[in-house]
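Notes to accompany the following structure.
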Amino acid sequence: LALLGAATAAQAAPSPQAERETERLIQALGQSGCQFERNGSWYDAAQAQEHLRKKLAYLRKRGLADTAELFIERGASQSSFSGQPYHVRCGKAAATTSAAWLQAKLVQLRAAAP
């Protein structure tokens with residue numbers, strides 16, 4: 001039974017590519033200079049990065065963020081506390097959902113990858 005649990009945990013581990021993509025997404029937000037809104041309050045990019053790293057760690061412990069898409073869907077799109085969507089606002093541009101911002105950034109990162 002213990003071996004079965006270990007095998008299941010090993011299968012749930014994200015691939016190295018998924019880990020890199022997720023980390024690059026979090027870094028991109030942290031370096032963006034954008035603001036991040038959660039539960040009605042706006043935070044700077046560094047605070048957003050810190051928050052998303054905590055959410056990623058939580059999801060990874062539970063095998064729930066095997067891909068960058070799953071991280072966006074399950075951890076970076078809405079508050080697990082209130083259920084309210086997160087938003088990103090860059091400069092004077094209108095705020096957009098964090099899900100849309102991160103998905104667009106993921107497409108950019110993949111297009112730029114060698």
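The values are calculated or read from the model by the stated rules, or taken from the named source; none is laboratory data. Bear in mind the structure is a predicted one, so any value in this text is a computation, not a measurement. Counting neighbours? That spans all protein chains shown, and the Cβs are built from the backbone with ideal geometry, glycine included. Remember, those area values only see protein heavy atoms, side chains included, never the ligands or the DNA or RNA. Shrake-Rupley method; radii C 1.70, N 1.55, O 1.52, S 1.80 Å.
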For the chain, what % of the accessible area comes from carbon and sulfur atoms, probe 1.4 Å?
55 percent
Could you calculate the contour length gain from residue 31 to residue 113, that is, 0.36 nm times the residue separation minus the distance between their Cα atoms, to one decimal place in nm?
27.7 nm
Within segment 27-106, list the trypsin sites (Lys or Arg not before Pro) lying in a DSSP loop whose Cβ has at most 11 other Cβ atoms in a 10 Å radius.
62, 92
Between residue 79 and residue 17, what FRET efficiency comes out of the Förster formula 1/(1 + (r/R0)^6) with R0 = 41 Å and r the beta carbon distance, rounded to 0.05?
0.90
Phi-derived 3J(HN,Hα) across segment 74-81 with the Karplus relation (6.51, -1.76, 1.60, θ = phi - 60°), rounded Hz, x for Gly and Pro, is 8, x, 10, 9, 7, 6, 6, 7
Over the chain, with a Gaussian network built from C-alpha contacts below 10 Å, which listed residue (70, 52, 102) shows the highest mean-square fluctuation?
70
Given a 1.4 Å probe, how much area per residue of the chain is accessible, in Å²?
60 Å²
Can you give the percent of C-alpha pairs in the chain whose distance is more than 25 Å?
23 percent
